[in-house]
Each structure stands twice: as structure tokens, then as C-alpha cells.
């Protein structure tokens, strides 16, 4: 029987491995949800590590026997989605009494899908956001992520489209959940 997966805060030293996992996950787990062009565009222009979350200690990795299986986190900042390459300008703190915390950048290694790793990350992030006083959490879900988020109790509040270079449009779903 394999060792159980372990969740821990991500560190700056994890960033190269997280970026590799994000690229693999973004391409391979998008099959059947996005075209190859959409998956490549969103992976290149949007997906990636937001180093502010690593600095805030709200981004996590799940490992087993030294191998990274998943990464993801939550944020008390305004940015809804995207890695460092997608951000522009300041990223102010949210008010837990009136604004929703963000669920950010969940990625699972394509070799271990549907084994509860996303749910493990979500439950941890919900507990942490609630402990910080947040009453709701929201996210911008890619189509491959929607089934997980629905299973975790999120409801869709708005369908959005993201237009990327080469005029490639990628559908997303803004979703929300009460936690407090």
C-alpha cells in the first residue's frame, strides 16, 4: 500500500516543480473540455504560480514519497485567477466581512486524477479561509475544474470568456460557496 499523500505549504524552492506540474495538468487534463489550441493558450498565458500566494503561505503542495502530486491554494487578495505572467498592478487584501476569499490555481498531476487530491486541497483551503474570517469563497473555474468544484458545493454565478492572444477564446465559470 502506498504512503498517504501529505499536504504542506509551498515554498519558493517548489516553484519550478509546480510550474512543470501546472503545464502537464493544464494540457493533459483539458482534453475533452477544451480544444488543443484553447488548452495551449490558457496554459501559456494564464496558468502558473502566483508567487504572492507562496509568500502569503496560502498555496500548498501535496506530495507522496517526494513526488509532487498536486498544488493549489486560496487567497485573501483581489486577484481571481492567473499566475504571475497574467497579473498586472497591485493585489490588495480583501475584507473578509464583505468580500469572498479566492480559491486559486488547483492543479493535479495527470497521472493521479480523481483520487481525492483536489478535494483534500479544497477542504484545507476552506478551513484556512474560514479561520481568517471569510464567509464565502469564489473562483474562476476552467471547464475541467467545474465537476470538482460542483462536487465540493460551489454554484455557478456567471459564465465568462477569456480572450487570449491569437484571438483564442476560453470559457470559464465564476463560482461561489458559503463557508461561514
When ranked by the protection proxy of mean other Cβ atoms within 10 Å per residue, highest first, what sequence do the peptides 112-119, 90-97 form?
112-119, 90-97
For residue 119 and residue 132 in the same chain, what is the full-extension length gain: residue separation times 0.36 nm, less their Cα-Cα distance, in nm?
2.7 nm
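Helix-only mean residue ellipticity at 222 nm, the chain, DSSP H runs n ≥ 4 weighted -39,500 (n - 2.57), per residue, nearest 500. What is it? Before the final figure, lay out the partial values.
Numbers: 5 runs with 51 residues, N = 180.
Rounded to the nearest 500, it is -8500 deg cm²/dmol.
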Across bins of 10 angstrom width beginning at 0, how are the C-alpha pair distances of region 13-70 distributed, in whole percent?
21, 47, 28, 4
Compute the separation of the alpha-carbon centres of region 13-38 and region 55-133 and state it in Å as a whole number.
16
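Based on the Kirkwood radius over alpha-carbon pairs, what is the Stokes-Einstein translational diffusion coefficient of the chain at 4 °C with 1.567 mPa s viscosity, in µm²/s?
Numbers: Rh = 16.3 Å.
After rounding, the answer is 79 µm²/s.
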Counting only DSSP beta bridges with both partners in the chain, the antiparallel fraction in percent, to the nearest 5, comes to 90
For region 14-112, what is the Kirkwood estimate of the hydrodynamic radius, computed as the reciprocal of the mean inverse distance between distinct Cα atoms, to one decimal in Å?
14.1
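Can you give me the relative contact order of the chain as a percent, contacts being Cα pairs under 8 Å and 6 or more apart?
On the way: 333 pairs, mean separation 38.2, N = 180.
Relative contact order here is 21 percent.
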Students often check this: by mean Cβ neighbours within 10 Å, which of 35-41, 63-69, 22-28 ranks highest, and how do the rest follow?
22-28, 35-41, 63-69
Taking 0.36 nm per residue of separation and subtracting the Cα-Cα distance, what length does fully extending residue 55 through residue 143 add?
28.9 nm
Long-range alpha-carbon pairs in region 62-118, meaning those over 13 Å apart, account in percent for 66
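Can you give me the relative contact order of region 111-177 as a percent, contacts being Cα pairs under 8 Å and 6 or more apart?
Values: 70 pairs, mean separation 22.5, N = 67.
In percent, rounded to a whole number, it is 34.
Since every read-out is calculated from the coordinates, none of them should be taken as a lab result. Note that this is a predicted model, so its numbers are computed, not measured. Here the Cβ is made from the backbone with ideal geometry for all residues, glycine too, and neighbour counts use every protein chain on show.
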